[in-house]
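Peer 1: There's a structure below that I have some questions on.
No lab work stands behind these numbers, since they all come straight from the coordinates. In this text the structure is predicted, and so the values were computed from the model without any measurement. We place every Cβ from the backbone using ideal geometry, glycine too, and count neighbours over all the protein chains shown.
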């Protein structure tokens, strides 16, 4: 069994200078969270996904997906099922140059700060091996508090929390880590903005 997975779609991106990245969680941010989704027929894009991805491309950012898939480690589905869901998601997005890479892991727990499983930084740091990314100018968008903690741990300066996916149940926990528009975790902090969904994020013109 593979415990972590990497898919590079735009291998030939030429980043002569450091470029901001848009780091996105998958379930609950890119696609509807269907609780350990394994059936590609259940894949449905979240509201505002296409506009956000096109906005990122237009502004010269690269988009990277980082996703915990503990359902594999728990035996609920396998990597082949995950691949089928990923293929369906990409076909729904339809424009092949909107996502640079997808990083996924099947770990059930995060045993270190460098773990690929969020709140570990492994997937984010792995992306630096492939792309010339400026983390301080990058943005991470998630629906879970572990998404945000991963971003802070990795040095991403700008975070966004949504109410989609698990966001509604996790917002209260997120607020406990906030003070004056900053999200604090351990001895680090990052800017944070709160939105209901991706459409509201784009409409805010805060990107």
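Peer 1: Mind listing whichever residues of the range 163-188 are touching a strand residue (DSSP E or B) at 6+ places or on another chain (Cβ under 7 Å), buried (at least 18 other Cβ atoms within 10 Å of the Cβ) and either without any contact (Cβ under 8 Å) to a residue 60 or more places away in the chain or in a loop (DSSP other than H, G, I, E, B) (or both)?
Peer 2: 165, 174, 183, listed by residue number.
Peer 1: Further, regarding this structure: On the given criteria, is residue 88 in contact with a helix residue (DSSP H, G or I) (Cβ under 9 Å, 6 or more places away or on another chain) and over 30 Å from residue 42 (Cβ atoms)?
Peer 2: No, not satisfied.
Peer 1: Next up: Does the range 31-44 contain any residue that is in contact (Cβ under 8 Å) with a residue 12 or more places away in the chain, within 16 Å of the chain's Cα centre (by Cα) and surrounded by 20 or more Cβ atoms within 10 Å (Cβ to Cβ)?
Peer 2: yes
Peer 1: While we're on this one: Restricting the search to the range 189-207, which residues are assigned to a strand (DSSP E or B) and touching a helix residue (DSSP H, G or I) at 6+ places or on another chain (Cβ under 9 Å)? Spell out how you get there, then give the answer.
Peer 2: Taking the range 189-207 and keeping what is assigned to a strand (DSSP E or B), we get 189-195.
Within the range 189-207, 189, 190, 192, 193, 194, 195 meet the criteria.
Peer 1: Something else now. Do we have any residue at all in the range 140-153 that's in contact with a strand residue (DSSP E or B) (Cβ under 6 Å, 6 or more places away or on another chain) and surrounded by fewer than 22 Cβ atoms within 10 Å (Cβ to Cβ)? Break it down into steps so the answer makes sense when it comes.
Peer 2: Kept after step one, since they are in contact with a strand residue (DSSP E or B) (Cβ under 6 Å, 6 or more places away or on another chain), are these residues of the range 140-153: 140-141, 143, 148-149, 151-152.
Still in the list and also surrounded by fewer than 22 Cβ atoms within 10 Å (Cβ to Cβ): none.
Within the range 140-153 (the criterion being in contact with a strand residue (DSSP E or B) (Cβ under 6 Å, 6 or more places away or on another chain) and surrounded by fewer than 22 Cβ atoms within 10 Å (Cβ to Cβ)), the answer is no, since none of the residues qualifies.
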